[in-house]
Amino acid sequence: AIQAALNGRVASLSGQPVVAAEVNFLGGAVVMWLLVGVLVLAGSRQSPVPDAGSAWLYASTIFGLLLIVNISWAVKHLGALVLSLVGVVGQISGAIMVDFVLPLPGSHFAWTLLLSLGVSVIAVAVATLGRRAALAREAQ
């Protein structure tokens, strides 16, 4: 939530959500290169990347950049709390779909997943109504 809020602030100040993605990418790249430098200085010859030739490695970078751009845009319109709660609803919904589409052998569907989804949806509704009420008070 903190990263989403800061990305939203950067996007708001710059006027472009892409700037927040660039700042995130640059920060991540600097940390990764520092890590590689520390590993090289420590004498390690092993790559910090498990499979450097994997197409998923490069595709995930694109997906990550697109995600940061979208979050930077959405946090301005939804707020950090609602955006985070919507993310939780999406993750739980995805877990339920995976459990139905690709169940693990010997596993069973837990009703607690549906309960947690319901609680999360209610949390989104409460946070959204609270945000709307606060925006209405500000408008007066």
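Looking at the range 115-140, I want the residues that are touching a residue at least 24 places away in the same chain (Cβ under 8 Å) and within 18 Å of Gln91 (Cβ to Cβ) and have a partner that is open to solvent by 90 Å² or more (accessible area, probe 1.4 Å) and part of a helix (DSSP H, G or I) with Cβ atoms under 7 Å, at least 6 apart or on another chain. Which pairs are those?
Here the result reads Ala127/Leu81, each pair linking the range 115-140 to a residue that is open to solvent by 90 Å² or more (accessible area, probe 1.4 Å) and part of a helix (DSSP H, G or I).
Residues being assigned to a loop (DSSP other than H, G, I, E, B) and either within 30 Å of Lys76 (Cα to Cα) or in contact with a helix residue (DSSP H, G or I) (Cβ under 8 Å, 6 or more places away or on another chain) (or both): count how many of those fall in the range 98-140.
3
Table: residues versus (1) modelled with pLDDT of 80 or more; (2) aromatic (Phe, Trp, Tyr); (3) open to solvent by 40 Å² or more (accessible area, probe 1.4 Å); (4) under 19 Å from Gly8 (Cα atoms).
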site	(1), (2), (3), (4)
Ala29	yes, no, no, no
Trp33	yes, yes, yes, no
Ile62	yes, no, yes, no
Phe100	yes, yes, yes, no
Val119	yes, no, yes, no
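Filter the range 102-117 for residues that are of a type in the set (A, V, I, L, M, F, W, C), open to solvent by less than 90 Å² (accessible area, probe 1.4 Å) and at pLDDT below 90 and give the result.
Selection gives Phe109, Ala110, Leu113.
The values are calculated or read from the model by the stated rules, or taken from the named source; none is laboratory data. The model shown is predicted, which means the values in this text are computed figures rather than measured ones. Here the Cβ is made from the backbone with ideal geometry for all residues, glycine too, and neighbour counts use every protein chain on show. The accessibility values were calculated without ligands, DNA or RNA, using every heavy atom of the protein model including side chains. Shrake-Rupley method; radii C 1.70, N 1.55, O 1.52, S 1.80 Å.
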